[in-house]
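Trainee: Quick one: this structure, given as structure tokens, is what I'll be asking you about.
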Ligand code: SF4
């Protein structure tokens, strides 16, 4: 198969708890909690839910001392590495480090002057944790904004100025991000940064919006960069439940064959020829397929026009008919099944394939 993906950009590996970002590590998937950071139960439960569906690193907002103190208790209750998101108050960064967080995210646009950064870096060094310099297009440092305006170049320069400061303190456990809400600006900023720096890149589009907009814009931005070989960890920011971000991130990686993430379910859009509830069947098969890790293709097709062709090329497939479906396995038709029994028949075949 011909691939259009460029060779992955070489980046320095950075350890975050038990996870490695960059180097030869797989591109990791991360998210951010949206629970009240003071509500320990809700936060732990959301982190566990994220972990159960494949999240590999999770970020928490740390808006005050109470939230910083809660990190120690959250850490004891969860398995995922935790990132403390710090805005404005460098003392909260130091408190989060003391509480045992695995990584910090600081925003050079609002963390304060070099002396404050020095203190944060000294604490991170003492505890052996990395720092993500997370530039946000909406909160650039004033001097950079005055010099370059609200551009991709400004975002990259803001990141590189912080990199120079951290390197001058003999600190190299660095991850970088340059997120804007605009697709073009985000892509350009990451491209500039990828050329200028060896550190691993956390890809994301910030304030991407509700799922309809956020999924499309994030897929274009992150997909373009990943196709160019750029990116070591990704977050698909969506307004709403962070659990939706994980499936979206894996779909982007799946589309580009960058991570083996279990079966792929393809389904036709349906049209007037379809005589079964194909959308319902496709949804149930997609959910059930999540239990498997094998890279199978499962085709759920509405009728005999394109159905048999797609279903034959898949590891398992169904082509709908009038109140029934024809099952295909490894390219061969195996039997017709009434619609009411189709889901059970497909699940039965999946179990047999797994057993083989
Ligand atoms: Fe329509 Fe059949 Fe194509 Fe589905 S497979 S879109 S039902 S023609």
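What follows draws every value from the coordinates through simple rules; no lab data is involved. Values in this document were obtained by computation on a predicted structure and should not be read as measured data. Don't worry about glycine lacking a Cβ; one is built from the backbone with ideal geometry, like all the others, and counts go over all protein chains shown.
Trainee: Grab the alpha carbons of the range 264-355, take their convex hull, and tell me the volume per residue in Å³.
Mentor: Convex hull volume per residue, Cα atoms: 77 Å³.
Trainee: Would you mind telling me which residue in 136, 306, 34 has the biggest mean-square fluctuation in a Gaussian network model of the chain, where springs connect alpha carbons within a distance under 10 angstrom?
Mentor: 306
Trainee: Can you give the FRET efficiency to the nearest 0.05 for residue 313 and residue 196, using r as the Cβ-Cβ distance and R₀ = 41 Å? Write down the numbers at each step before the final one.
Mentor: On the way: r = 44 Å, r/R0 = 1.07.
My answer for the efficiency is 0.40.
Trainee: So what is the 222 nm mean residue ellipticity for the chain from helices alone, if each DSSP H run of at least 4 adds -39500 (n - 2.57) and you divide by all residues, rounding to the nearest 500 deg cm²/dmol?
Mentor: -13500 deg cm²/dmol
Trainee: What residue among 134, 309, 317 has the largest mean-square fluctuation in a Gaussian network model of the chain, using Cα springs under 10 Å?
Mentor: 309
Trainee: Could you estimate the translational diffusion coefficient of the range 87-141 from the Stokes-Einstein equation, with Rh from the Kirkwood formula over C-alpha pairs, at 20 °C and 1.002 mPa s, in whole µm²/s?
Mentor: 192
Trainee: Write down Rg/Rh for the range 82-205, rounded to two decimals, with Rg from the C-alpha atoms and Rh from the Kirkwood relation over Cα pairs.
Mentor: Across the range 82-205, the Cα-based Rg/Rh ratio is 0.95.
Trainee: Given the C-alpha centroids of the range 8-39 and the range 97-141, what is the distance between them in whole angstrom?
Mentor: Using only Cα atoms to place each centre, the spacing works out to 16 Å.
Trainee: Subtract the Cα-Cα distance of residue 354 and residue 77 from 0.36 nm times their separation in residues, and report this length gain in nm to one decimal.
Mentor: Working: separation 277, 0.36 × 277 = 99.72 nm, distance 3.29 nm.
Result: 96.4 nm gained on full extension.
Trainee: What ranking do 127, 217 get, fewest neighbouring Cβ atoms within 10 angstrom at the top?
Mentor: Placing the least packed residue first, the sequence is 127, 217.
Trainee: Share of antiparallel DSSP beta bridges in the chain, in percent to the nearest 5?
Mentor: Once the DSSP bridges in the chain are tallied, antiparallel ones form about 30 percent.
Trainee: I want to verify a result. In a Gaussian network model of the chain, Cα cutoff 10 Å, which of these has the top mean-square fluctuation: 222, 82, 210?
Mentor: Evaluated over the chain, the most mobile residue of the options is 210.
Trainee: Which stretch or stretches of the range 86-112 have amide N atoms under 15 Å from the point lying 7 Å from residue 40's Cα along the Cα→Cβ direction?
Mentor: 99-100
Trainee: Let me ask you something else. When only Cα pairs under 8 Å and 6 or more residues apart are kept, what is the percent relative contact order across the chain?
Mentor: Once divided by the residue count of the chain, the mean separation gives 13 percent.
Trainee: Please give, to one decimal in nm, the separation of the simple spin-label points placed at residue 127 and residue 10, each 7 Å out from Cα toward the Cβ.
Mentor: Taking the simple label geometry, residue 127 and residue 10 are separated by 3.3 nm.
Trainee: How big is the chain along each principal axis, measuring the range of its Cα positions in Å and listing the largest first?
Mentor: Projected onto its principal axes, the Cα set of the chain covers 72, 41, 33 Å.
Trainee: A follow-up question, please. Figure the gain on full extension for residue 330 and residue 210 (residue separation times 0.36 nm, minus the Cα-Cα span) and round it to one decimal in nm.
Mentor: 39.3 nm
Trainee: Additional query: Given R₀ = 30 Å, FRET efficiency for residue 255-residue 305 by Cβ-Cβ distance, to 0.05? Please report the intermediate quantities before stating the final value.
Mentor: Numbers: r = 25 Å, r/R0 = 0.83.
Efficiency for this residue pair is about 0.75.
Trainee: Could you state the principal axis extents of the C-alpha atoms in the range 16-115, from the largest down, to the nearest angstrom?
Mentor: Projected onto its principal axes, the Cα set of the range 16-115 covers 38, 35, 20 Å.
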